[in-house]
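Encoded as structure tokens, the structure appears first; notes follow it.
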Amino acid sequence: MADTYSMPDGFRYLPGYFDRAAQQALIETVIEARGDAPFWRPSMPRTGKPLSVMMTNFGPLGWVTDKAKGYRYESFHPQTGQPWAAMPDALLTLWREVSDYPADPQACLVNWYAADSKMGMHIDWDEEATDAAVISVSLGDKARFRLGGPQRGGKTASMVLSSGDVVVLGGASRRCYHGVDRIYPGTSTLLGEEQFPGGGRINLTLRRVTIPA
Ligand code: MD3
Ligand code: FE
């Protein structure tokens, strides 16, 4: 068929990579990280429009955005001025197992989606190490993830990601448009109401930012 979407080279889907106990342990590390690095709501460059997801980061660098300075990596939380929490060992191990990259990740962006959060189609451009894959871990409610090509407005395919799934965006897929159409609220019990009011979904994305020496 001439105009069906083909999965870009370097895309890998590893369903159920983390079992329930490992998912719970990852959520515990997110809860602990919130002391010095609480979730905050970032805003878009120039317009200052708030994103629909809340964010924090693990690791020496964290992805941030605000009206004045736009998209970038920073060493400190924008509100507390404290360093981000350390990269959890389980995520370092994941990276070493699946990234096929000679250096460790420097940032793990933590996105918290509420029942009505979405993420528009975009390409991640803020890393210098474009030869390193981005590795995504889904936790909590299911989400419909959409992957396109290198140009906006091209053909896309969607897939439902469930808690514990890992996606590896390497090779050509690293420079493809992608986004999250919707969350399926109430499809997981992983995020407890006490720590995550309204539940939702947490997505962890591991990134190498600078080119290793
Ligand atoms: C494809 N996050 O944080 S993860 C992001 O589910 C982001 O929170 C989505 O896009 C989420 O930037 C999607 C999967 C993902 C992450 C990075 C990619 C897919 C990607 C980079 C290039 C291509
Ligand atoms: Fe992205």
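The values are calculated or read from the model by the stated rules, or taken from the named source; none is laboratory data. Computed from a prediction, not measured in an experiment: that's the story for all the values here. Here the Cβ is made from the backbone with ideal geometry for all residues, glycine too, and neighbour counts use every protein chain on show. For accessibility, only protein heavy atoms count, side chains too; no ligands or nucleic acids. Shrake-Rupley method; radii C 1.70, N 1.55, O 1.52, S 1.80 Å.
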- Residues satisfying the stated conditions in the stretch 54-102, i.e. in contact with an Asp or Glu (Cβ under 9 Å, 6 or more places away or on another chain), among the hydroxyl-bearing types (S, T, Y) and open to solvent by 50 Å² or more (accessible area, probe 1.4 Å): Y71, T80
- Message: So, in the stretch 14-35, how many residues would count as being closer than 19 Å to N111 by Cα and open to solvent by 80 Å² or more (accessible area, probe 1.4 Å)?
- Response: 3
- Given (1) touching a Lys or Arg at 6+ places or on another chain (Cβ under 9 Å); (2) under 16 Å from R207 (Cβ atoms), number of the condition L92 does not satisfy: (1)
- Message: Six or more apart or on different chains, Cβ atoms under 9 Å: show the pairs whose first residue is in the stretch 70-85 and within 19 Å of R208 (Cα to Cα) and whose second is surrounded by 13 or more Cβ atoms within 10 Å (Cβ to Cβ) and basic (K, R).
- Response: Y73/R207; A85/R34
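Could you list all residues from the stretch 157-198 that are within 15 Å of M119 (Cα to Cα) and either within 11 Å of ligand 1 (Cβ to nearest atom) or not hydroxyl-bearing (S, T, Y) (or both)?
Applying the first criterion (within 15 Å of M119 (Cα to Cα)) to the stretch 157-198 yields 158-161, 176-184.
Matches in the stretch 157-198: M159, V160, L161, C176, Y177, H178, G179, V180, D181, R182, I183.
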- Query: Is it the case that some residue within the stretch 36-46 is of a type in the set (S, T, N, Q) and open to solvent by 80 Å² or more (accessible area, probe 1.4 Å)?
  - Reply: no
